[in-house]
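Student: The structure that follows is given in the form of structure tokens.
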Amino acid sequence: MMAPVMPDCVWRVAATLGEGAVWHAASRCVVFVDIKGRRLYRYDPDTAVCRSWVAPGQIGFALPCVDGNWICGVQGGLYRFGFASGTFSRVLPVETDRPGNRLNDGYVDRTGALWFGSMDDAESEPSGQLYRVGRDARLSVRDSGYVITNGPTASPDGRTLYHTDTLRRVVYAFDLDGDGRLERKRVFTLIEGNGHPDGMAVDEEGCVWVALFGGGRIERFSPDGRYIGRVDFPCSNITKLAFGGDDLQTVYATTARKGLTDEALQAQPLAGGLFAFRAPVKGLPSTECAVAFPAATVGQS
């Protein structure tokens, strides 16, 4: 079991729906989003400089690319973003025929391919799908039937993909081959107690860390799905985590104010903040997206 850990709020950003924390080693910064606030954020832990940019829609994730740009999942498509220019440009439309859907959590696997999910923005219909974009920029559906998709991530050897069905409170595991095919879908773990599984990350021991929306904690599971520890937070909606710092032992976690009553917000003044804590084990380094996206769609920004 893990020793008690106390998360520290490093940025009281008050995000409505903070999500998508990712550590960018090259810039030594944490990047994350506020989906409902339609903003992209960057936090520099060395200088405590905090910056934000307005997104063109509800933005579910932002992930670094090998060309120095970032790929962002925005309602209606994938957008290229550059911190130098501060501009977004759509490079691949996604689910433009499903206006009630939006894009949610994303992940880059060890091959440089992009994985992300879509979901019903009203959180009621199973219209969400799990997508993969290979390095050739081909978009394909890998699973479907989700109301809220979350947390794609993979094992250290890249052979197991984890994906969350938030409303069913289940984390699935799939066998993942080198061509991005998924097989043998199975239940990795079911969340017990309060809270719904949200974003995830994997450490170097192959353990899966799951953020719990409404649960006020992050739980850690062994590679065979056994519960082995938790980190409690001073607010209830924990949405995503990323291992960062030079030694990959500083965990950054996003949180949300969404769904909290005025009374709950008074009791949780740090809700929506970016938190950090030291983990007893290193995480895995993030991979930059190597997808050869086309030029921006004309008229989109």
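Readers should treat all values here as calculations from the given coordinates under stated rules, not as data from a laboratory. Everything numeric in this text was worked out from a predicted model, so none of it was measured. Neighbour counts run over all protein chains shown; Cβ positions are idealised from the backbone, glycine included.
Student: What order, most packed first, do the peptides 65-71, 190-196 have when packing is the mean number of other Cβ atoms within 10 Å of each residue?
Tutor: 65-71, 190-196
Student: Can you check what the Kirkwood hydrodynamic radius comes to for segment 8-278, Cα pairs only, in Å to one decimal?
Tutor: It works out to 18.2 Å.
Student: Length gain on complete extension for the stretch residue 123 to residue 44, per 0.36 nm per residue less the alpha carbon to alpha carbon distance?
Tutor: 25.1 nm
Student: Placing +1 at every Lys and Arg Cβ and -1 at every Asp and Glu Cβ, with all other atoms neutral, what dipole size does segment 8-278 have around its Cα centre, in debye to the nearest 20?
Tutor: 420
Student: Using Cα positions and a limit of under 23 Å, work out the lysines in reach of residue 258, with same-chain residues fewer than 8 apart set aside.
Tutor: The qualifying lysines are 36, 240.
Student: Beyond 21 Å, what share of the Cα-Cα pairs of segment 221-301 is found? Please give it as a whole percent.
Tutor: Every Cα pair in segment 221-301 considered, those over 21 Å come to 52 percent.
Student: Please find the FRET efficiency linking residue 262 to residue 12, where r is the Cβ-Cβ separation and R0 is fixed at 25 Å, and quote it to the nearest 0.05.
Tutor: Given R0 = 25 Å and the Cβ-Cβ separation, E is 0.90.
Student: Relative contact order for the chain: what percent, with Cα pairs under 8 Å and sequence separation of 6 or more?
Tutor: Averaging sequence separation for qualifying contacts and normalising by length gives 20 percent for the chain.
Student: Can you compute the helix-only [θ] at 222 nm over the chain? Use -39500 (n - 2.57) per DSSP H run of at least 4 residues, normalise by all residues, nearest 500 deg cm²/dmol.
Tutor: My calculation for the chain gives -500 deg cm²/dmol from helical runs alone.
Student: Here's something else I'd like to know. Please compute the modelled spin-label separation between residue 222 and residue 97, points set 7 Å along Cα→Cβ, answer in nm with one decimal.
Tutor: 4.6
Student: Follow-up question, since we're still on this one. Take every Cα pair under 8 Å in segment 1-70 that's 6+ residues apart, average their separations, divide by the length, and report that relative contact order as a whole percent.
Tutor: 24
Student: Something else now. State, to one decimal in nm, how far the label point of residue 67 lies from the label point of residue 83, with both points 7 Å from Cα in the Cβ direction.
Tutor: The answer from the label model is 1.9 nm.
Student: Okay, next question. Could you tell me the relative contact order of segment 28-136? Use alpha-carbon pairs under 8 Å, at least six residues apart, and round to a whole percent.
Tutor: Normalised by residue count, the contact order of segment 28-136 is 16 percent.
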